[in-house]
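Asks: So that we are looking at the same thing, I have put the structure below in structure tokens.
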Amino acid sequence: MNFQRLFTFFFTSVATGLAAAFLVLTFWPQLLTPPPPAPSSVLPDNNLGWADAVTLAEPSVVNIYTSKITREEGKPLFKNPLFQHYFGDPRSKPRIHRENSLGSGVVVDRNGYILTNHHVVKDADNIFIGTKGQAQVPARVVGTDPDTDLAVIQAAGKDLLPANLGHSSQLRVGDVALAIGNPFGVGKTVTQGIISATGRHELGLATFEDFIQTDAAINQGNSGGALINARGEVIGINTAIISSTGGSHGIGFAIPIDLAKQVMEQIIKHGRVIRGWIGASGQDLVPLLAQSLGLPEDTKGVLLSGVLEGGPADQAGIVPGDIIQSINGETVSSAQAVMNQIATASPGTSMELTILRNSQPILVQLVVSERPKDVD
């Protein structure tokens, strides 16, 4: 009898449970969905990823040490020629000074070529590179490009590891950026930030400007070092900062690696950079300027303010006051973009320009020349 009651109780309990489950699944399925996890106050640990990136790129960044000898003429104690003839003046003898400076560089191939800044090696009599755990070795200047503040040097007798070069055209504002260099000579240092802006120009730092802006700390000695992404690829060459004290205020600039590669390839091949040139200068046609010229405010183009006599533009019949609206059918966006487009054209290239003159569009054909070395 007790066994029968126990079996009945067990059967009833199972049946009731199954019936309840059926009702819940049919009418209230949301009751079985687990609640979302509570938001965590701890961000994912990205430091491991950045450490991996640094491990890949750091061996390819070298310290650069330069020195130059300067001669300072002494000032005579007595200016009387007769006195100096008989007694002389040791203070009038020239003084020789040796000036030392620091910088950084990025190894770009196994032949010892190193990409750095022009201002790092400018006028240097001696250049040495140093890497961790190895003695300094001499290097020579392959070529420089003051217009972009880039230079290529080559180290002697050194087995150097080339960096992985990325693509700066793919950068987005907010991407993680790491700067590697030798600030103040303290040794290899890594700082972290983000890409603050791209396409910075008209800063007065170089003739051709297309800078990456970053808040990764860049200080003296970082010039020529690497700006890398989270994958350890070099995306820029650290170049300059805006600072009132000489230290980092979070506004640093790097030359995009896409531009640096173009300059580097020409320097290695030719020993210099060959650029196109038409012998004209201008400015963006802003709405207020367009209105002052009697044109609609939405007129776009580059107003030419100067045309060099005998230059390609002059020979093609272009005059000051002309407005360039397109080159080879492509609408121009700014004076800087026009200068860059012409500079990347090989000398001898023919270009078709749409010019606005006296409110009338005309087509002009011109042949690009090589940019003179000392042109402003």
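The values are calculated or read from the model by the stated rules, or taken from the named source; none is laboratory data. These numbers come from a predicted model, not from an experiment. Using ideal geometry, Cβ is built from the backbone for each residue, glycine included, and neighbour counts are taken over all protein chains shown.
Asks: Does M351 count as modelled with pLDDT under 90, surrounded by 13 or more Cβ atoms within 10 Å (Cβ to Cβ) and not acidic (D, E)?
Replies: When the stated conditions are applied, M351 does not pass them.
Asks: When you go through T148, T144 one by one, which is the residue that is crowded, with 21+ Cβ neighbours inside 10 Å, farther than 17 Å from V234 by Cα and out of contact with any strand residue (DSSP E or B) (no Cβ under 6 Å at 6 or more places or on another chain)?
Replies: T148
Asks: Applying the selection to the stretch 94-117, what residues are surrounded by 22 or more Cβ atoms within 10 Å (Cβ to Cβ) and not aliphatic (A, V, I, L, M)? It would help to see each step written out before you state the result.
Replies: So the first thing to find is which residues in the stretch 94-117 are surrounded by 22 or more Cβ atoms within 10 Å (Cβ to Cβ), and the list is 103-108, 114-117.
Selection gives G103, S104, G105, T116, N117.
Asks: Specify the residue that is surrounded by the fewest Cβ atoms within 10 Å (Cβ to Cβ); the eligible residues are those in the stretch 212-227 that are among the aliphatic types (A, V, I, L, M) and farther than 25 Å from I127 by Cα.
Replies: A217
Asks: For R272, only one of the following conditions fails: (1) crowded, with 16+ Cβ neighbours inside 10 Å; (2) touching a Gly at 6+ places or on another chain (Cβ under 7 Å); (3) not in a strand (DSSP E or B); (4) not small (G, A, S). What is its number?
Replies: (1)
Asks: Right, something else. Checking A337 against (1) under 16 Å from K300 (Cα atoms); (2) assigned to a strand (DSSP E or B): exactly one of these is not met. Which one?
Replies: Here A337 meets the rest and fails (2).
Asks: Now a separate question. Which residue, of L288, L295, L304, is in the same structural domain as S346 (by TED's automatic domain parsing) and either surrounded by fewer than 16 Cβ atoms within 10 Å (Cβ to Cβ) or of a type in the set (V, I, T) (or both)?
Replies: L288
Asks: Given the conditions (1) touching a strand residue (DSSP E or B) at 6+ places or on another chain (Cβ under 7 Å); (2) surrounded by 18 or more Cβ atoms within 10 Å (Cβ to Cβ); (3) not hydroxyl-bearing (S, T, Y), report the number of the one that A206 does not fulfil.
Replies: Looking at each condition in turn, A206 falls short on (1).
Asks: Identify, by number, the condition in (1) assigned to a strand (DSSP E or B); (2) modelled with pLDDT of 90 or more; (3) within 18 Å of the chain's Cα centre (by Cα) that G199 doesn't meet.
Replies: Here G199 clears every test but (2).
Asks: Please tell me if N126 is at pLDDT 70 or above, of a type outside the set (A, V, I, L, M) and within 22 Å of I180 (Cβ to Cβ).
Replies: Criteria not met by N126.
Asks: Then there's this: Looking at (1) at pLDDT below 90; (2) touching a Ser or Thr at 6+ places or on another chain (Cβ under 8 Å); (3) not acidic (D, E), which one does A337 not meet, given that it meets all the others?
Replies: So A337 meets the others, but not (2).
Asks: Of the conditions (1) buried (at least 18 other Cβ atoms within 10 Å of the Cβ); (2) over 19 Å from D149 (Cβ atoms), G181 fails just one. Which one is it?
Replies: The one condition G181 does not meet is (2).
Asks: Only one residue in I218, I241, I237 is modelled with pLDDT of 95 or more and assigned by TED's automatic domain parsing to the domain that holds S169. Which one?
Replies: After ruling out the rest, the residue left standing is I237.
Asks: Have a look at S369, S326, S359 and point out the one that is surrounded by 13 or more Cβ atoms within 10 Å (Cβ to Cβ), farther than 26 Å from D145 by Cα and out of contact with any Lys or Arg (no Cβ under 7 Å at 6 or more places or on another chain).
Replies: Only one candidate qualifies: S326.
Asks: Suppose we keep only residues that are more than 24 Å from the chain's Cα centre (by Cα) and in a loop (DSSP other than H, G, I, E, B) within the stretch 122-136. Which one would you say is surrounded by the most Cβ atoms within 10 Å (Cβ to Cβ)?
Replies: Per the criteria, the residue is Q136.
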